[in-house]
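Just below is one structure, and these are the notes that go with it.
The values are calculated or read from the model by the stated rules, or taken from the named source; none is laboratory data. Every value quoted in this text rests on a predicted model; they were computed, and no experiment measured them. Neighbour counts are summed over all protein chains in view; Cβ atoms, including those assigned to glycine, are modelled from backbone coordinates with ideal geometry.
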Amino acid sequence: MEKNDGSKKMLLSETVLPTPPEFLIKEISNFRELMLVYNSAIREVTTKLEILNDELSLNNRKNPIQFIKSRVKKPLSIVKKLQRLEKEISTKSVLNSLNDVAGIRVITAFIDDVYKIADMLVKQDDIFLIESKDYIKNPKSNGYRSYHMIIEIPVFFSEKKERVRVEIQIRTVAMDFWASLEHQLKYKKDLENTKNIEVELKECAETIAETDLKMMNIRNKIERK
């Protein structure tokens with residue numbers, strides 16, 4: 001058994017707490033408040049999406065949105081991204097510099113539902129579209145397909161209003177299934193035949209895109225009769 005535990009504890013304390021405790025308490029409090037802001041923004045957008053889905057279901061007798069996923073970036077991921085961007089590590093910097101702290105993924109059945117949901121959402125007068133990227137019409141080189149939007153939405157609290165940016169990804173069930181598998185490959189270390197798997201995934205992406213189009217066309221034929 002090793003001795004001198006007291007010196008080890010002191011060294012650990014010095015490593016973990018390089019700043020005064022009162023500063024850390026303030027930063028932790030600010031960060032918790034920031035997470036409340038982003039979680040509230042997700043709730044605001046999710047509610048809007050659910051209302052749109054209910055309206056479309058009432059009018060068209062179908063639910064274009066299959067399900068909605070959401071997440072807030074973890075603290076370590078936020079810090080690492082700020083460091084990569086060479087930005088100050090602060091709550092103000094998070095709000096001003098990062099667009100994807102709050103993320104929502106909307107899964108639809110058909111491709112045209114993707115554009116319908118995106119269009120209806122940005123037409124709402126309290127939503128401001130920062131940017132959009134269409135990876136369905138212009139897929140990434142690895143085959144990735146999805147429709148991305150960065151929006152800004154007001155979130156109201158008891159004594160203030162915050163305008164918060166939220167990243168929204170809208171894709172079909174098939175696109176989401178492919179993206180989940182590709183995500184596993186991206187973070188899998190020491191995997192053999194990575195290049196071969198990437199080629200297979202690219203081929204699957206093309207097959208899925210063709211299938212999505214065929215399924216949409218079949219549905220359109222059914223609905224016209």
(request) Give segment 138-162 a look and list any residue that's touching a Pro at 6+ places or on another chain (Cβ under 6 Å) and in contact (Cβ under 8 Å) with a residue 12 or more places away in the chain, or say none. (result) R145
(request) Select from segment 53-112 the residues that are of a type in the set (A, V, I, L, M) and either assigned to a loop (DSSP other than H, G, I, E, B) or farther than 22 Å from R171 by Cβ (or both) and list them in ascending order. (result) L58, L76, I78, V79, L82, L85, I89, V94, L95, L98, V101, A109
(request) Filter segment 31-50 down to the residues that are at pLDDT 95 or above and hydrophobic (A, V, I, L, M, F, W, C), then identify the one that is farthest from the chain's Cα centre (by Cα). (result) L49
(request) State all residues of segment 52-89 that are among the aliphatic types (A, V, I, L, M) and exposed (fewer than 12 other Cβ atoms within 10 Å of the Cβ); if no residue qualifies, say none. (result) L58, L76, L85, I89
(message) With the requirement that a residue be closer than 11 Å to N142 by Cβ and loosely packed, with under 12 Cβ neighbours inside 10 Å, what does segment 180-198 give you?
(response) K186
(request) Report the residue count in segment 121-166 for those that are touching a helix residue (DSSP H, G or I) at 6+ places or on another chain (Cβ under 8 Å), part of a loop (DSSP other than H, G, I, E, B) and not aromatic (F, W, Y). (result) 8
(message) Just to be sure I understand, how many residues within segment 120-165 are more than 25 Å from S40 (Cβ to Cβ) and surrounded by fewer than 19 Cβ atoms within 10 Å (Cβ to Cβ)?
(response) 10
